[in-house]
Structures are given as C-alpha cells and as structure tokens.
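A.B. asks: Structure incoming, see below.
The values are calculated or read from the model by the stated rules, or taken from the named source; none is laboratory data. All values derive from a computational prediction rather than experimental measurement. Heads up, the Cβs are rebuilt from the backbone with ideal geometry, glycines too, and the neighbour counts pull from every protein chain shown.
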Amino acid sequence: MRVFAPEQVEDLRNELRQKTRLGPKPVLVGLEELARRAACSMQTIRRRLGAELPAGRKLSQGPRAWWGFTPKEAKQIVAWVKRHIRRRRPRSQARTSTAKDEG
C-alpha cells in the first residue's frame, strides 16, 4: 500500500487527465435541443443518424432513448439539416389557385 500527500494526488490527477481519458465528461447536447436549433422534428434527425449524420451517443435505452452529441457534432448536424431538408410552407401559402384564378 502506498500513501500519497495531497500535493502528490493533485499532480497524479493532472498527469492522468493529460495522458488518459480520465478528463471531465464532455458536455453533450440532446436531440430535442438539436431539433429546436435546426427548426425540424426530432424524427427528421433520428432517421438519418449514422448514415448522413454523426451517430452520437445513446445514453438511455427503450422507446424514449436519450441521445447526446458533442457541440462539434451538434453544429455539423444543424448545418446539414438546414442545407438538405426542405421545409414545408404553411397551408395558407401552399395553395396556388384562388377564387379569382378559377373564375
């Protein structure tokens, strides 16, 4: 058994954080937040995960699984969705014929 002084413990922690994966957990952005940023539904993003978009990290199981993405992945996903997904026009603008056109 080895005993370390408090200063040595801090030095060891700093050394391990630099050389291993023992650093702080990354900040993750949720799928709901991504959909809000991209102005689309969560299903739109979920369907394309792994194919056109980064897969992210599945943090829980089941039908209401929670997905997490790094800020870099989140930025990529939002940019891709805005570039490739056509938004539907509201119903009032979608109609092209009016009563004047018909008569």
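A.B. asks: Would you please list the contacts, defined by Cβ atoms under 8 Å and residues six or more apart or on different chains, that run from a residue in region 32-49 that is surrounded by 15 or more Cβ atoms within 10 Å (Cβ to Cβ) to a residue that is among the charged types (D, E, K, R)?
C.D. replies: That search, which allows pairs on different chains as well, returns Ala38/Lys82; Cys40/Arg87; Met42/Glu32.
A.B. asks: So in region 56-73, with the set limited to residues that are in contact with a Phe, Trp or Tyr (Cβ under 9 Å, 6 or more places away or on another chain) and not in a strand (DSSP E or B), which one is surrounded by the fewest Cβ atoms within 10 Å (Cβ to Cβ)? If you could, list the steps in order and put the result at the bottom.
C.D. replies: Step one: of region 56-73, the residues in contact with a Phe, Trp or Tyr (Cβ under 9 Å, 6 or more places away or on another chain) are 56-60.
Restricting the remaining residues to those that are not in a strand (DSSP E or B) gives 56, 59-60.
Details: Gly56: 22, Leu59: 11, Ser60: 9.
Step by step, filter region 56-73, then rank; the result is Ser60.
A.B. asks: A follow-up question, please. Does Ala65 satisfy the condition of being modelled with pLDDT under 85, hydrophobic (A, V, I, L, M, F, W, C) and in contact with a Lys or Arg (Cβ under 6 Å, 6 or more places away or on another chain)?
C.D. replies: The answer is yes for Ala65.
A.B. asks: Is it fair to say Ala55 is in contact with a strand residue (DSSP E or B) (Cβ under 6 Å, 6 or more places away or on another chain) and modelled with pLDDT of 75 or more?
C.D. replies: Criteria met by Ala55.
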